[in-house]
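A quick write-up on the structure given underneath.
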Amino acid sequence: MQVRIMYQCTVCGYPKLKYPPEDHVICPSCGTQFGLDDEGPYSKAFLHRDLRDRWRKKGANWYSRVVPMPLGWNGYNQLINAGLLFDAEWLHGVVVTSSVTYREDSPTVYDDYGPNRLAVVREKHCLSPMSIGAL
Amino acid sequence: MYDWVPCHLILLTASTYLEHFERHGADFGASTPEEYEELADTFMYGELLSSTKECTRPRPSPRTICRYSAETEEYGVKREQGYLVTYFIPVPLVTHRFATNLEYYRHKCK
């Protein structure tokens, strides 16, 4: 039996890239072309976070029309599973005190997030046990 | 088709080829993948014009060859063995974060 190695997109957390996220590989989930979109006079970590934020702000939708969207796929769930949903600079240091259930019913949180929206995030968004570790 | 090639060989397989067409076909007004491929072939395998720069990147392995035209702003990458990787027109500060495409090209050729 042959085992196919899959790679995770470092921008959106898509876990089934056929090749490492580098050298012009395009992620079908967020559309990032590694080696193009993540090139600039900044660190990779900064660029990946910025690309992630942009994708999330646009609704975290499936990008590719060539690669079919997996059944039941959800961009926010994917970010949570990868521990990337709250990987925003302004959220670092936040202590999560309650709740372990993820809800998707407050999309406005993602439309204009920032320091002033922290209360909204706490009120409407709950963290899964996995994402708590990411904070 | 090439699903089980060694992982260090990133080829334009049937799916990745379509992904690159999907992403960059519009850069050239290509309406079909075949049209995109033809344009890419012409740029990457055609004669090296005076306005076009070419470099061989030492990394990743296997080595890749980049071409950039300062005149048309076309940019392409192929493997040293000849496989085409990608072909597009970069947009400064949008598709990459450098101020010019020449900076991007130079960065990629380091």
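Please treat every number below as a calculation from the coordinates, not as lab data. All figures in this text were calculated on a predicted structure; none of them were measured in a lab. Glycine also receives a Cβ, built like all others from the backbone with ideal geometry; neighbour counts cover every protein chain displayed.
Does residue B:90 qualify as being buried (at least 20 other Cβ atoms within 10 Å of the Cβ) and either more than 21 Å from residue A:44 (Cα to Cα) or not small (Gly, Ala, Ser) (or both)? Answer is yes for this residue. Condition first: part of a strand (DSSP E or B), facing another protein chain (nearest Cβ under 10 Å), of a type outside the set (Lys, Arg) and over 21 Å from residue A:64 (Cβ atoms). Can you find one or more residues in region B:86-105 that meet it? No, region B:86-105 has no match at all.
Scanning region A:47-69 for residues that are within 11 Å of another protein chain (Cβ to nearest Cβ) and either touching a residue at least 12 places away in the same chain (Cβ under 8 Å) or surrounded by 14 or more Cβ atoms within 10 Å (Cβ to Cβ) (or both) returns A:47, A:50, A:51, A:63, A:64, A:66, A:67.
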